[in-house]
Every structure is written in structure tokens, then in C-alpha cells.
Number of protein chains: 2
Amino acid sequence: MRDDFPRYLAKELDAADPLAELRDRFVINDDNLIYLDGNSLGRLPAATPEFLSRLVRDGWGSDLVRSWPTWIDWGRRLGDRLAAHALGARPGEVVVSDSTSVNLYKLAGAALDANPGRSTILVDAEDFPTDRYILQGLARQRGLTLRTLPSDLDQGLQLDTLRAALDGDVALVVLSAVSYRCGALLDLAAINALARQAGAYVLWDLSHAAGAVPVRLTDSGADLAVGCTYKYLNGGPGAPAFLYVRRELQATLRQPIWGWFGQRDQFQMPADYEPAPDLDRFLVGTPPILSMAALDPALDVLAEAGIDQVRQKGQRLGELIVELADAWLTPYGFELASPRDPRRRGSHVSLRHPEALRISRALTEAGVVGDYRVPDRLRLGPAPLYTRFVDVWDALDRLRDIAERRVHERMPADLSRVT
Amino acid sequence: MRDDFPRYLAKELDAADPLAELRDRFVINDDNLIYLDGNSLGRLPAATPEFLSRLVRDGWGSDLVRSWPTWIDWGRRLGDRLAAHALGARPGEVVVSDSTSVNLYKLAGAALDANPGRSTILVDAEDFPTDRYILQGLARQRGLTLRTLPSDLDQGLQLDTLRAALDGDVALVVLSAVSYRCGALLDLAAINALARQAGAYVLWDLSHAAGAVPVRLTDSGADLAVGCTYKYLNGGPGAPAFLYVRRELQATLRQPIWGWFGQRDQFQMPADYEPAPDLDRFLVGTPPILSMAALDPALDVLAEAGIDQVRQKGQRLGELIVELADAWLTPYGFELASPRDPRRRGSHVSLRHPEALRISRALTEAGVVGDYRVPDRLRLGPAPLYTRFVDVWDALDRLRDIAERRVHERMPADLSRVT
């Protein structure tokens, strides 16, 4: 027991938490496990198994191909739900489709085609690798220049860095609203305005933001966005991603992968591709229905909580991590590797330690699942829908115990299959 | 009862069918429904609900992110199973990933990059629309020419047509092994040899072949292939597709969508994309695990049957359709719209009739699910793993009854949401 912040104070925070009872809406069958990796794979909503079971037995098993007239609208229907409950977009602006990487390729390709006189793409040098890789491929294919914006590993991209880089040759800027590593939350509205003034499109990756912070796509003037649904949105492993295209841009932007789901009259099957007049033109092929459907019951929980409440609790959980880390872990060489101001952070907090990989493994053995990120980061991702304040307290307590007893020194240091 | 081919003869064929008992390995809870649309969405294997339920509750619900070291290999593991049981490919040549359309884009892009001096793509004019659309997009993006090969609506592409078109400017030929409309089965080995001689790649779409005919990719000298898993492979609605790249080509071909699943050291996350040395380079992003996993129990049934047995039964089912259509339906204006020789056909048979759309609807109301294809085709797709000879007999009997009593004249003729 710590005297400086005794465990009962965390329990009091839970007692006062308006979202506390939503924890029962998730399958949690191991009370010893503290799961702080909802930013990697969100927990299973309690309603999902039965929902999927019905879909499999009735929709697939009994109704068979006759279910397709219903299924075919799900990408749009779930997109509209995401728009309403997580993304602050209008109906018809969000659709669930493909993977985040494929969606990034489609929308980045569309933006580049729409800005043909310019030859530079800007990306945060510290952005998630797949975003950089996708853009490297597009740049090479089209003979464009990909410029990486220097970015602080702990604080994220600074607005001045972007401002200085936004010259008249920039066609597209790709940024994560919340940094996957340090959790820095960018100012969408300010950046959208800057880019618009400079004549560039901004394509947002919302993977670590969606379901954690209220993303106000419409109000912030966002043009394009993609993101995954298996983190804070609890859609399940590899659940298909979403994409957002501002309504006013849909009729003019065209993406490079011309599949039948993007065709104007999909079932007339005309000889020549003509893109659908609306958001559908950003679709490609048949979506994976089971993986997509699982998002539906997950969104029920988010809708009930309300994204603003989720955000409030997320900030408080983060503040507790920071406070306890300052007090307990600093003596053992840990440093905060995220913005200190909770308004400038998403839901996860990163700590830096030279032995982060081995500490992460020791932590897993101690029943706390967080995750490790190269080179020396330990990420703790509380998910406000099901993480308790006492979970954070216990996790930090176990972390201190590991550091104190140097448990991590018995762990392997090889980097195989870290996810 | 028909005197020329009485129903008991169909029952005798079922009694002698070595695959007959496999029907019990599927969920079939409506004995009045005759399902001849396995070429659109295969039936639900009986083992799948419990398999998925375990995956959801244990893999996702309990093990959470710790399941990823297992899940991450599934695309390759299921690919190897497909290679062994359906596609005649070697281990490490097939992987499950994305949709058929996205895979087509990736592999067509890879082939075009590898054949830079040439500027023509050939495609069957009557191929499934999404294949044509994808290629139209690639051709426009790269300033190439897409030439459509004239093809017989009922007999499929003729080898001489292809031979005449294969000049020194052809970089890539895209063909369906089994035509989605008429079911014509092409000679893969002959076409691969022709194209190789002419210096062109062939990219096969196996959507209507996989699980219906033994596709011998390795022996036929195939370079590239894609296909879906929700038809004869029974992977479920929108189950992710597969792609095949001949082992000898993997180290040199590169595809255009550079995602982190295609990166050499995926979890080291280096700054610059470097493609994996093997088949993994054709992957992009996180796969939809639930939709992907459902393929596993489905392949158990196929493996038990053996693709050669499936093919034999498929041919006999098709012959029965042709024989009964000739005898019973010709008087009502139906014509066979598929090759008559069962060796030149996949598992489905198409019939032509000016009122095909309305007849298809009347047939559905009569408890027979087949499907309609523009402009005037009725497709009947028996699936040898669960379709009985008596099902075919009953379906054709009901079809004759509809034609005789002109039931279809009471059906709507609008083409909304036909799948």
C-alpha cells in the first residue's frame, strides 16, 4: 500500500464514475487481469457473441444469399453510427470498408489526383509505420516527394513545424489525430485551416482517436479521414476500417481501386466503370460481413456512454497514470513520454525506460497487459468504457514492484512477434 | 411426375453418391428450400458456429491481444490449406487477404510493373465487372491500353481469340478460370504456355473455380491468381479472398499498396518500407480475423471430400441439369447458355430465357434459390458438398411448372438490388 495515494482513493474515483456500470457490458472473466491494451485490441462486448451467433445461424445459415439486400447496406449504416457517436460527421460521410492501410491508399490516391499540379506529400516522421509505407509507395509510383516532418517522440508534431513546411507544392498532409506512440492529440481545426489556406488536403488517421476523444470532423473542417475499429471501438480483431470523405468533396474525388462496390449501378454491371455519385465510390469489393457486423453491438455501448463522457473519464484515467508514475516510478528511471497536459493527449499514456521491452514482459507476467513500442516505450491504454481507476492503481503498483525487485532482468530481450 | 426421367432415378443417383453423407456437415434447416446458389454464397458448415463462438469467447474475449501471435499466421496457414485442398499450389504460394478486387489490383499492379516495356492489358469482355473495372482504373492511372477480348456469352473465351491478341505489347492477361456467367472452364495450362511464350503474365480469377474444380496452379504453370472464398469454399459472407503468386516470382514482383503487413520486419517498424522476401509482401493491413477464421472448418469438409470427388459429382449434377432442361424446358423457350461438354464447364449451368429475371423471382417464391444475371440468364449452381441429385430434379420440375403455368408473368421486372 502506498501512503501518498492509497488504493481506496482509486476506489472512490470508481464509485463516483458515471460510466462504472458499463464495465458489465463487456466480457471480463479474469479478475486478476488488468487490461490496458484497449488501444490495441478492445475488449469483447457482452452482447457480441450472441449477436454474431444469430447472424451466423439465421443470416448466413438460414437466409443465405437472401440476406445480402440487408448486408449490403451495413457499411453505410455502421458508418453513419460511427459518424454520430464517435466522429462528429454527417450521415453519408463515413463508411466501413477494407483495412485502414487500404483506405489510406484509396483516399491519399484520391487527394493526389485532385491536386495534380503539386508534388509533395507531408507525413509525421513518427507516424505509425503503415501510414508512412503506404505514402512511400504512392510517392514512388507517381514520382512525388514524400517529406517527413520532424516530430517530438514524446510531444508529437508541433504546429509550427507543419506551418513552416506547408509551401505551395504540398498536395497532401497525412497525420494521426492521436499519435500511436506518445498519445499526443493534434488540433484538427487549426491544422485543417492551415492546410486549406495552403491549398493542401489533410488526410487524418483516427485509429487511436476514434472512440477515445470526440473527433469533430465536420466542425473542424476535415476533408478526409480513415481509422480502425478494433481499438477503442471494440469491433473485434481485424474488424474492417472506416473512411470519411467530406460531403462536398465526394462528387469530385476519385480513388484508384475501381471495384464493383464503387460502381454507380453495381448490379446492372455496365461495361465501363463509372463511380457512384456519393460515398460509395470509395468502396471496392465485398466486405467481410461477420467481422463488420461485430461493430454494431460495440457501438451500442459507446452510444450509451456518450463520447464526451468517455473523453472525460479517459482524461482522468490518464492523469492518474501520470500522477502515480511521477510519484512511484521516477526513482526507477521511468520518464513520462507523453504530453503532460491531458487536453493534449488521447486516452493512452507512454512511459520511457531503457528496459521497456523487458519491463513490458515482466508486466504481462504480473497480469497487466499494456504494450511495448520500439525503441523504449511502454504504452498504457486505459479504455474508459471498461477500465477502472483501481485497475490503473494496481497496474502502476505492479509496475513499481517490478522495478523495485528488478524482475524484468530475468526476461528475454529479443523482439520477436511483438504486436 | 415425369415419365422420361422419373424422380426415383435422381434418388438412386443420391444413394450411389460417395459424398452424400457430407450434406449433414452443413446447417440445412429448411427441407423445402432448394439452394442452387452455392456459387454466390456457400452454405454454413455445421462446425462453423461453434468454431466461431469459441474464437470469439476464448480468443478475443479471454486471451485478447495475446491471441495475435496465433492470428497473425492464419492468412498463411489458411492459404496453405487452400493450396493443398483446392488450388494445387505449393506451401507458401497462397495467402488469404483483403477482397478479390483489392487482390486483383495488387497483383495486376505487380505484373504491370514487372513488364514495363509493354502497354496492353487483355481482359475477357464478358468477365465479371469488378475485374474489368479494376483494370480500367489501372490502365487509366498508368496510361496503358485495356483491350477486351470478344467472348461468347454461352461458350466463354476461345483460345484462338486469345492467341490472335497476344502480341509483343501485351503485359498482362486477366481471365476467369470459370466464367461467372456461363460457367465455361478455360484450359489453364494451354493459356499459361501461350502467354509465357508471348512474354505476358496471366492473372487468374478463380472465384468460380476454387472448391468446384481442381485448379492445378503449379502444374499448369500459373504465375498469379486471386479468388474469393465465400462461394464453393463456404467461408461465409464476404470472407476475405486469397491470392497466389508463383514461388519463383515472389522475390521480384512488388505490389503497389505498401502496408505494414507486407514489410520485411513488421514489428521492428523501420522508417522505410522494404518488402518481405516472400509471399508476405503481397499483404497490406490487419486482416478481419472472424471472417477469415470461418474458412478453417469449411476447408475440413472439402479436405474430407477431396476436390477430385467434388469435381466428379459436380459434373454429374451439371449433366442432370442439362438433360432435364433439354427435355422439359426447351418447349418453353429455354436454351442452354453454357458449354454442353461437362469437361468444359465449372459447377454451375446457365439457362437463357427472355423472361429470366421474372422467372428467377418466381423460382425463388417456389422455394428454389438460383440467381439471375443480366441480361437474360438464370444461373443454377449446385454445390457438390451439399446439393443432392434430387434437389436438381425438384428444381427443374418447379421451373417447368412455372413456365407451364406462366407464373413468372405475375412477378415484377425491375432490377433493384439483385445480388
Label points 7 Å out from Cα along the Cβ direction at residue B:216 and residue B:142: separation in nm? 3.1
Quick one: which residues, 5+ away or cross-chain, put their amide H under 5 Å from the amide H of residue A:173? H built at 1.01 Å from N. A:122, A:201, A:202, A:203
Along each of its three principal axes, how wide is the spread of alpha-carbon positions in the stretch A:72-303, in whole angstrom units, largest first? 48, 43, 28
Using a Cα-Cα cut-off of under 12 Å, which aspartates and glutamates could be cross-linked to residue A:313, ignoring same-chain neighbours fewer than 8 residues away? A:14, A:17
In terms of modelled amide H atoms, which long-range or inter-chain residues lie less than 5 Å from the amide H of residue A:263? A:276
Packing-based order for B:89-99, A:184-194, using average beta carbon neighbours within 10 Å, highest first: B:89-99, A:184-194
Output ordering of B:111-123, A:220-232, B:210-222 (per-residue mean of other Cβ within 10 Å, highest first) is A:220-232, B:210-222, B:111-123
Distances in nm from residue B:367 to the matching label points in the other copies, shortest first (labels 7 Å along Cα to Cβ): 5.8
What nm value, rounded to one decimal, do you get for the distance between residue A:54 and residue B:189 when each label is placed 7 Å out toward the C-beta? 5.3
How big is the Cα convex hull of chain B in projection, averaged over all directions, in nm²? 20.9
How many partner chain Cβ atoms sit within 10 Å of a residue's Cβ in peptide A:69-80, on average, as a whole number? 1
Let me make sure I get this right: for the stretch B:48-130, a, b and c are the square roots of the gyration tensor eigenvalues over alpha carbons, sorted descending. Under 1.5 in a/c it's rounded, otherwise prolate if a/b > b/c, else oblate. Which is it? prolate
Please give the peptides A:199-207, A:238-246, A:292-300, B:163-171 ranked by average Cβ packing (other Cβ atoms within 10 Å per residue), highest first, as a rough proxy for protection. A:238-246, A:199-207, A:292-300, B:163-171
Say R0 is 25 Å: what FRET efficiency, to the nearest 0.05, do residue A:409 and residue A:335 get from their beta-carbon distance? 0.80
How far apart are the residue B:21 label points across copies, placing each 7 Å from Cα toward Cβ, in nm, shortest first? 5.4
Using a 10 Å cut-off around each Cβ of peptide B:38-48, what is the average number of partner chain Cβ atoms that fall inside? 3
Residue-ordered couplings for the stretch B:160-175, obtained by feeding phi - 60° into the Karplus form 6.51 cos²θ - 1.76 cosθ + 1.60 and rounding to whole Hz (Gly and Pro as x), are 5, 4, 5, 4, 5, 8, 7, 9, x, 9, 7, 8, 8, 10, 10, 9
Once you have the alpha carbon radius of gyration of the protein assembly as shown, what is it after dividing by 2.2 N^0.38 Å, with N set to its residue count? 0.98
Shortest first and in nm, the label-point separations between residue A:340 and its counterparts in the other identical copies (7 Å out along Cα→Cβ) come to 8.7
For residue B:267 and residue B:159 in one chain, what is 0.36 nm times their gap in residues minus the Cα-Cα distance, to one decimal in nm? 34.2 nm
Using Cα centres only, tell me the gap between the stretch A:210-257 and the stretch B:128-143 in whole Å. 26
With labels modelled as points extended 7 Å from the Cα through the Cβ direction, what inter-label distance (nm, one decimal) is found for residue A:90 paired with residue B:62? 4.9
Averaged over peptide B:249-258, how many Cβ atoms belonging to another chain are found within 10 Å of each residue's Cβ? 4
Prolate/oblate/rounded label for the stretch B:352-419 (Cα gyration tensor, a/c 1.5): oblate
Sequence-distant residues sharing a close amide H with residue B:149 (under 5 Å, placed H): B:123, B:124, B:125
Can you figure out the FRET efficiency of residue A:12 with residue B:47, using R₀ = 60 Å and their beta-carbon distance, to the nearest 0.05? 0.75
Straight-distance crosslink candidates among aspartates and glutamates, where the alpha carbon sits under 18 Å from residue A:11 and sequence neighbours closer than 8 are dropped: A:3, A:21, A:24, A:31, A:319, A:323, A:391, A:394, A:397
For every helix of n ≥ 4 consecutive DSSP H residues, a contribution of -39,500 (n - 2.57) applies; sum these over chain A, divide by its total residues, and give [θ] at 222 nm rounded to the nearest 500 deg cm²/dmol. -9500 deg cm²/dmol
Set of lysines with alpha-carbon distance to residue B:106 below 28 Å, sequence-local pairs under 8 removed: A:106, A:231, B:231
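Read the figures in this text as sums done on the coordinates, not as results from a lab. Remember, predicted model here, so these are calculated numbers, not experimental data. In this analysis, Cβ positions are derived from the backbone assuming ideal geometry, glycine residues included, and neighbour counts consider all displayed protein chains.
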